[in-house]
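Following: one structure in structure tokens, then a few remarks.
The values are calculated or read from the model by the stated rules, or taken from the named source; none is laboratory data. All values derive from a computational prediction rather than experimental measurement. Cβ coordinates were reconstructed from backbone atoms using ideal geometry, including for glycine residues, and neighbour counts include every protein chain displayed. These area figures cover heavy atoms from the full protein model, side chains too; ligands, DNA and RNA do not enter into them. Shrake-Rupley method; radii C 1.70, N 1.55, O 1.52, S 1.80 Å.
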Amino acid sequence: MRLKADLTLLIISIIWGSAFVAQRVAGQMGSVYQFNGARYLLAALAVLPFVKRIDIKSMPREQYKWMFIAGFFLFVGSALQQAGMVYTTAGNAGFITAL
């Protein structure tokens, strides 16, 4: 069981680390916002089949405020990370992000 857990962590680390290489290559081809827009659009399409239908009008108004705040910080964090990829290596960016 311990070996299985260690191998799973290794595989996840390889996938997570290789994403920084892909980010670096893609970031050099276009703007930070284009890459992040495409990235999050693909993520939304991948998650869409698992979304339950809910009545948006039934959500409390307070929840919208917190959703906006969380989305804003996600946007700022990913834009800064992607902009930083222009000035450093993928390894350094992964280390700083993990730190």
Requested in this report: Can you send over the carbon and sulfur percentage of the accessible area for the chain, probe radius 1.4 Å, protein chains only?
Outcome: 73 percent
Query - Rounded to the nearest 20 debye, dipole of the chain from Cβ charges on Lys, Arg, Asp, Glu - result: 260 debye
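Averaged per residue, what accessible area in Å² does the stretch 1-64 show with a 1.4 Å probe, protein chains only?
90 Å²
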Requested in this report: Have a look at S58, L99, W16 and report the one farthest towards the positive end of the charge dipole of the chain, computed about the Cα centre with Cβ charges (Lys/Arg +1, Asp/Glu -1).
Outcome: S58
Query raised in the report: Between L10 and S58, 0.36 nm times their residue separation minus their Cα-Cα distance comes to what?
Result: 13.0 nm
Report task. Could you tell me the accessible area of D55 in Å² (1.4 Å probe, neighbours in place), rounded to the nearest ten? Result -> 90 Å²
Query - Helix-only mean residue ellipticity at 222 nm for the chain, each DSSP H run of n ≥ 4 adding -39500 (n - 2.57), per residue, nearest 500 - result: -26500 deg cm²/dmol
Query - At 0.692 mPa s and 37 °C, Stokes diffusion of the stretch 47-99 via Kirkwood alpha-carbon radius, µm² per second - result: 235 µm²/s
Query raised in the report: At 20 °C and 1.002 mPa s, what whole-number value in µm²/s does Stokes-Einstein give for the translational diffusion of the stretch 5-99, with Rh from the Kirkwood sum over Cα pairs?
Result: 137 µm²/s
Query raised in the report: Quick one: helix 61-84 against the long Cα principal axis of the chain, what's the angle to the nearest 10°, folded into 0 to 90?
Result: 20 degrees
Report summary line: For the chain, longest principal axis from Cα atoms; helix 2-29 axis from its Cα atoms; angle between them, nearest 10 degrees, is 80 degrees
